[in-house]
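> Pasting a structure below so you can have a look.
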Amino acid sequence: MQVSSRPLRCCWLALLPLLLISISGDAQVTTAPQQGIRENDPRLHALTNARIVTAPGKEIEKGTVLVRDGLIVEAGAAVKIPAEARVWDLSGKTVYPGFIDSYSRVGLPDTLQPEPLRPEIDHDDPGAKPKEVPREAAKGTHSWNPRVTPERNAADYVKLDRKAVRGLRELGFTSALVVPGRGIFRGTSAFVNLQDTDPNRTIVAPSVAQHIAFDFNREQDGGYPNSLMGCIALIRQSFLDASWYQAAQDAYRKNPATTERPEANASLAALAEQAQRKQPSVFEAEDELDLLRALRVADEFKLKPVLFGNGYEYRVRKVLAEKKTPIIIPLDFPEVPEIERPERALEYNLDELQHWDRAPSNPARLVEAGIPIAFTTQKLAKPDKEFWTQVRLAVRRGLSKEAALAALTSTPAEIFGLADRVGTIAPGRIANLVVATGDLFTSEARVLTAWIDGQPYDTPLAAGRDPRGTWEVAFEGKTLPLIVEGELEKLEAKLAGEKVMFSAKEDAVLLAAPARLLERGDGVIRLPGRIATDGMTGSGEAPGGAEVRWSARRTAPHPPKKPDEQPSPRDTALDFPETFPAGAYGRAAPPEQPATVLVRGATVWTAGPQGTLQNADLLVTGGKITAVGPGVKAPAGAAAIDGAGLHVTPGIVDCHSHTAISKGVNESSHAVTCEVRVADVVDATDIALYRELAGGVTAANLLHGSANPIGGQNQVIKYRWGGLPEELKFADAAPGVKFALGENVKQANWGEKFKSRYPQTRMGVEQIIRDRFRAAVEYDAGLKKKEGLPPRRDLQLEALSEIVSGKRLIHCHSYRLDEILAFLNVTRDFKITAATLQHILEGYKVADEIAKAGVGASSFADWWAYKMEAFDAIPDNAAMMHGQGVLTSINSDSNDLARRLNTEAAKSMKYAGMSPEEALKLVTIYPARQLRIDAKVGSLEAGKDADFVVWSGHPLSNYTRVNQTWIDGRKYFDRAEDIETRKAFAAQREALVQKALGERMKDLAKPKDEDSKKDAKGDQDAAPKPPGHHHRHRAGSLGSTYGNGSDQHTCTEHGR
């Protein structure tokens, strides 16, 4: 950056002290006493002759920005420059508004940096202990849960590290939103200017937004919550408690003499204050489904949401576009998959390859959908090398440079409520500016200077220290041509056409060349020196120690890098339809729902009063069954299915499933967790849904695990594969809660570390259930009180109250007859009728008591002896309970077994002689009745939902396959289509592999820098690193989006 040499300033240096006193006005106001002589830097600046981009889409081709006392006074093409202003001639340069890093941890201590997902340990050392993670000690009055810290404020901790801040400034960032990185409620962020000054001066806004993350303990012994559903329940309860806390404090202040004093709680006070101030709530989301979960929470509590994204937003952008919620986007696009070895390529799922290909288009797709976006350096391993590369890649993928600029300036300013202070170049704004060599978004331009609060901070390039170009080197009357090129971080040079070593750091340079080029014999001559604009000078040493004085003058600038005439394949995503879920078997749209469907001439198993009909027809109209029987007539144009030789049954209903539950089937930390909801964590990407459709399953009861006497709330779903989580939910299903008895809940099979949680005996299990029912009765009574503190809404007791009042069902995991009878006694005492006893392997011993209580039983067909309490199981169990009048079903408790529930039901024919019609009912109408959805599904009767399965033969034969599965009159599975789909997805995968191979070959051909060499050392045989889904590396028991559908979750052997 050059200062003008106008005649007015010919004696600038001589007159500087007096001139500054007369023109600068007062220095920055500060309460700190002055130490020594004041720093009277100029406070009136004119940045002139520059191309000025005042805001996205608005620019001045050649103009001036006038800055006084840290504020922008004027910007325009005809600004009159005051005589006393310091003038900066920026001819050929571009000035932007200062860039904002919208999500940063800069300046925060280790205790507020994100924790590792798993303890760091040296696996090569058998005796190694996990690396200790520094944590902040709790202070003052606070929440009972250490992950709820909304009272924490980043402004109280920020201490900007000069090196880190300099790195951000060199990218063009002049300010950042600093966000605490620990906990669920993480605290409030602070907006800071990235300058080298007193922290009191760097804070622009000390409290911007409350930050919330779906964070939970990944270890079973780590405390509450240890599941995603527990995390969301804690968020929900905390918001309710904050509202109650405010009301309780108000009530106490009005009547302290007659009102019980409420607790002091800084955490709840902070949340209540945030609600009053209507501050934004920023949710951190790991995947695309977390984005939707965050918006549901925000809707529930009428929050002002902002999303901190993950790069997968494009997959659900249609939903995100409905609300136009701003999204802060990290730019950590996946690296090229390491698939040069065929065996490594097999490790990459199709959804991962798709994401590698599509992720750079994410910003453009969101902007096209009208969603405000902001950029951050967060999640980039090496922001100095990656940030602008990724931004420019996003621009080449269709993001306009105006939108890219907005994502760094005006949009974050608006999100954080600071648009009147930062984000644009306009009078009255803080003088945060970026001076660049050219267009940063479409060329290899570089940042020269970051102006912050009206103070310039130069990058190494600002003083003309870029040594690239053509030079004439002079020494002892001789000259040689020198060409310096390459990247600034890795320069390449030739002296007199011969390759030499050349390095530069700030203004220091070093040239090492063969001595013979300078006619100094053999060996190497070293020429250190200094560079300033277009000249270099120095003194070196020749072999033998003789001094060599040298100089150089630039004869030609470094030519700008020409854009490739041939666009890179990386600049465009392959043209394949987008599906949901991503990956294999996803759908581009829901299946068509024909106006009328007729299945003609099939064997129809109605599972209803009509029984099994030979050579019969099934008519479906508008997604509902309208007729079943022989000779049904359909209107013209009906979609017809030739049922000759085929069998048709109701869709299978699985009364006990853990399919499609994301990041934890159990909230296993506490003994009672009925505040948690499976509904919050339905995973519509689980491939097990599609596989189970291929087994004829159309609905399932998604249950919490069996880690607690009283677990979480269930969710009944229909297998509408390709729909979002809310679209899978069965709207008419009765709500319920998973209870459990026996070994799991008393932690008998958890290991030696788990001996402290109550209960540890079966007696204790009975007592804690009884106690919680009593507490629910008292809770109901307390809600009716008029005096004292306002009633507190307790989500756990609310769910129990619904059970006691008959509004919510119980599905109880159980094995032994003694605990079954004890549980039935408890429910009888509270006049509760449980819906089902799950597993119930000793149900045959007490079937008469179960029938008398009116409780259903959902059992395994023939599982036994897999733990002590299962030793007395028999394969006749289901048939014997059914024979005693118990409403009985067969369930899976397994993603794998769910694909064969028809043959599981058939085992009751083999073992107990049950009729085929009754055996089929064990997986159709009987579980539907247990779930109170039999008015809609479970049998083929007029008026019910058109959920049916077309089988190739007898549905209870292990030789039979599913041909088609229909839900709501839509065909969600077709075996013939599936075969063709496999071919299409295989072709897509091969195209992606070939594209990745091309990019991978380029990467392998590049010389590695030192960091890359270290990373690659000894890694030739290492397992590949998937390009996305970093959350997959967590414990398998937690599950994640796009899992492999394996049996990660059952509640047979343990509750975890």
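The values are calculated or read from the model by the stated rules, or taken from the named source; none is laboratory data. Here the structure is a predicted model, which is why all the values come from computation and not from measurement. No Cβ is skipped: glycine too gets one built from the backbone with ideal geometry, and neighbour counts run over all protein chains shown.
> Give the number of residues within the stretch 948-985 that are of a type outside the set (Val, Ile, Thr), touching a Lys or Arg at 6+ places or on another chain (Cβ under 9 Å) and on the phi < 0 side of the Ramachandran plot.
11
> For the stretch 744-760, give me the residue count where each residue is farther than 15 Å from Val672 by Cα and free of Cβ contacts under 8 Å to residues at least 24 places away in the same chain.
Within the stretch 744-760, residues that are farther than 15 Å from Val672 by Cα and free of Cβ contacts under 8 Å to residues at least 24 places away in the same chain number 4.
> Does the stretch 565-577 contain any residue that is outside the structural domain of Arg397 (by TED's automatic domain parsing) and within 30 Å of Gly622 (Cβ to Cβ)?
Yes: the stretch 565-577 contains one or more residues that are outside the structural domain of Arg397 (by TED's automatic domain parsing) and within 30 Å of Gly622 (Cβ to Cβ).
> OK, next. What is the residue count in the stretch 273-311 for residues that are at pLDDT 95 or above and in a helix (DSSP H, G or I)?
Of the residues in the stretch 273-311, 13 are at pLDDT 95 or above and in a helix (DSSP H, G or I).
> Still on this model: Name the residue, out of Gly742, Gly705, Gly751, Gly711, that is touching a Phe, Trp or Tyr at 6+ places or on another chain (Cβ under 8 Å) and assigned to a loop (DSSP other than H, G, I, E, B).
None of the others qualify; the one that does is Gly742.
For (1) in contact with a strand residue (DSSP E or B) (Cβ under 8 Å, 6 or more places away or on another chain); (2) surrounded by 18 or more Cβ atoms within 10 Å (Cβ to Cβ); (3) modelled with pLDDT under 60, each residue gets a yes or a no:
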residue: Gln964; (1), (2), (3): yes, yes, no
residue: Ala984; (1), (2), (3): no, no, no
residue: Ala1005; (1), (2), (3): no, no, no
residue: Lys1013; (1), (2), (3): no, no, yes
residue: Gly1039; (1), (2), (3): yes, yes, no
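> Residues that are closer than 30 Å to Val678 by Cβ, within 17 Å of the chain's Cα centre (by Cα) and not acidic (Asp, Glu): list the strands (runs of 3 or more DSSP E) wholly contained in the stretch 170-229 that include at least 3 such residues.
It comes to 210-213.
> If you scan the stretch 230-259, which residues turn out to be part of a loop (DSSP other than H, G, I, E, B) and in contact (Cβ under 8 Å) with a residue 60 or more places away in the chain?
Those that are part of a loop (DSSP other than H, G, I, E, B) and in contact (Cβ under 8 Å) with a residue 60 or more places away in the chain: Thr258, Thr259.
> Testing Thr174 on (1) buried (at least 24 other Cβ atoms within 10 Å of the Cβ); (2) farther than 23 Å from Leu405 by Cα, one condition comes back false. Which one is that?
Every condition holds for Thr174 apart from (2).
> Additional query: State the number of residues belonging to the stretch 33-87 that are of a type in the set (A, V, I, L, M), exposed (fewer than 13 other Cβ atoms within 10 Å of the Cβ) and farther than 27 Å from Ala419 by Cβ.
Within the stretch 33-87, residues that are of a type in the set (A, V, I, L, M), exposed (fewer than 13 other Cβ atoms within 10 Å of the Cβ) and farther than 27 Å from Ala419 by Cβ number 2.
> Based on this model, can you work out whether Gly782 counts as over 30 Å from the mean Cα position of the chain (by Cα), modelled with pLDDT under 95 and surrounded by 17 or more Cβ atoms within 10 Å (Cβ to Cβ)?
No.
> Say we look at the stretch 188-204 and pick out the residues that are free of Cβ contacts under 8 Å to residues at least 60 places away in the same chain and over 22 Å from Val435 (Cβ atoms); which of these is surrounded by the fewest Cβ atoms within 10 Å (Cβ to Cβ)?
Out of the qualifying residues, it is Pro199.
> Filter the stretch 88-101 down to the residues that are among the charged types (D, E, K, R) and crowded, with 21+ Cβ neighbours inside 10 Å, then identify the one that is nearest to Val447 (Cα to Cα).
Lys93
> If we keep just the residues of the stretch 845-869 that are in contact (Cβ under 8 Å) with a residue 60 or more places away in the chain and out of contact with any strand residue (DSSP E or B) (no Cβ under 8 Å at 6 or more places or on another chain), which is surrounded by the most Cβ atoms within 10 Å (Cβ to Cβ)?
Among those residues, the one meeting the criterion is Glu869.
> Any chance the stretch 799-807 includes a residue that's β-branched (Val, Ile, Thr), crowded, with 16+ Cβ neighbours inside 10 Å, in the same structural domain as Ala733 (by TED's automatic domain parsing) and assigned to a helix (DSSP H, G or I)?
Yes, the conditions are met somewhere in the stretch 799-807.
> Taking the options Gly230, Gly222, name whichever one is small (Gly, Ala, Ser), in contact with an Asp or Glu (Cβ under 8 Å, 6 or more places away or on another chain) and under 24 Å from Pro146 (Cβ atoms).
Gly230
> Also, I was wondering about something else. Of all residues in the stretch 730-762, which are surrounded by fewer than 17 Cβ atoms within 10 Å (Cβ to Cβ) and either acidic (Asp, Glu) or within 15 Å of Ile717 (Cα to Cα) (or both)?
Ala731, Asp732, Ala734, Glu752
> In the stretch 355-362, is there at least one residue being within 30 Å of Pro305 (Cβ to Cβ), aliphatic (A, V, I, L, M) and surrounded by 16 or more Cβ atoms within 10 Å (Cβ to Cβ)?
Looking for residues that are within 30 Å of Pro305 (Cβ to Cβ), aliphatic (A, V, I, L, M) and surrounded by 16 or more Cβ atoms within 10 Å (Cβ to Cβ), one finds at least one in the stretch 355-362, hence yes.
> I'm trying to understand the selection: among the residues of the stretch 508-535, which are outside any strand (DSSP E or B) and surrounded by 15 or more Cβ atoms within 10 Å (Cβ to Cβ)?
Those that are outside any strand (DSSP E or B) and surrounded by 15 or more Cβ atoms within 10 Å (Cβ to Cβ): Ala515, Leu517, Leu518, Arg520.
> Another question, if that's okay. Among the residues of the stretch 904-942, count how many are more than 21 Å from Ser957 (Cα to Cα) and surrounded by 24 or more Cβ atoms within 10 Å (Cβ to Cβ).
The total comes to 4.
> Testing Lys163 on (1) surrounded by fewer than 17 Cβ atoms within 10 Å (Cβ to Cβ); (2) assigned to a helix (DSSP H, G or I); (3) touching a residue at least 12 places away in the same chain (Cβ under 8 Å), one condition comes back false. Which one is that?
(3)
> Let me ask something else. Quick test of your reading of the structure: Ser957 fulfils all but one of (1) crowded, with 24+ Cβ neighbours inside 10 Å; (2) farther than 27 Å from Thr833 by Cα. Name the failing condition by number.
So the condition that Ser957 fails would be (1).
> Would you pick out the residues in the stretch 320-355 that are over 18 Å from Lys379 (Cα atoms) and β-branched (Val, Ile, Thr)?
Within the stretch 320-355, Thr325, Ile339 meet the criteria.
> Any residue in the stretch 464-479 that's free of Cβ contacts under 8 Å to residues at least 12 places away in the same chain: show its pairings with residues that are surrounded by fewer than 20 Cβ atoms within 10 Å (Cβ to Cβ) at Cβ separation under 7 Å, as long as the two are six or more apart or on different chains.
Cβ pairs passing all conditions: Thr479/Glu472.
> Inside the stretch 583-635, can you point out the residues that are surrounded by 22 or more Cβ atoms within 10 Å (Cβ to Cβ), out of contact with any Asp or Glu (no Cβ under 7 Å at 6 or more places or on another chain) and not in a strand (DSSP E or B)?
Within the stretch 583-635, Gly586, Ala607 meet the criteria.
> Further question: Considering only the stretch 420-435, I want to know if a residue exists there that is buried (at least 21 other Cβ atoms within 10 Å of the Cβ), in a loop (DSSP other than H, G, I, E, B), of a type in the set (D, E, K, R) and modelled with pLDDT of 95 or more.
The answer is yes; a qualifying residue exists.
> What are the residues in the stretch 129-149 that are polar (S, T, N, Q) and more than 24 Å from the chain's Cα centre (by Cα), if any?
Thr141, Ser143
> Which residue is surrounded by the most Cβ atoms within 10 Å (Cβ to Cβ), if the candidates are limited to the stretch 238-271 and must be of a type in the set (S, T, N, Q) and more than 17 Å from Arg186 (Cβ to Cβ)?
Asn265
> Additional query: If you go through the stretch 760-816 one residue at a time, how many are of a type outside the set (Phe, Trp, Tyr) and closer than 30 Å to Asp732 by Cα?
Selection size over the stretch 760-816: 35.
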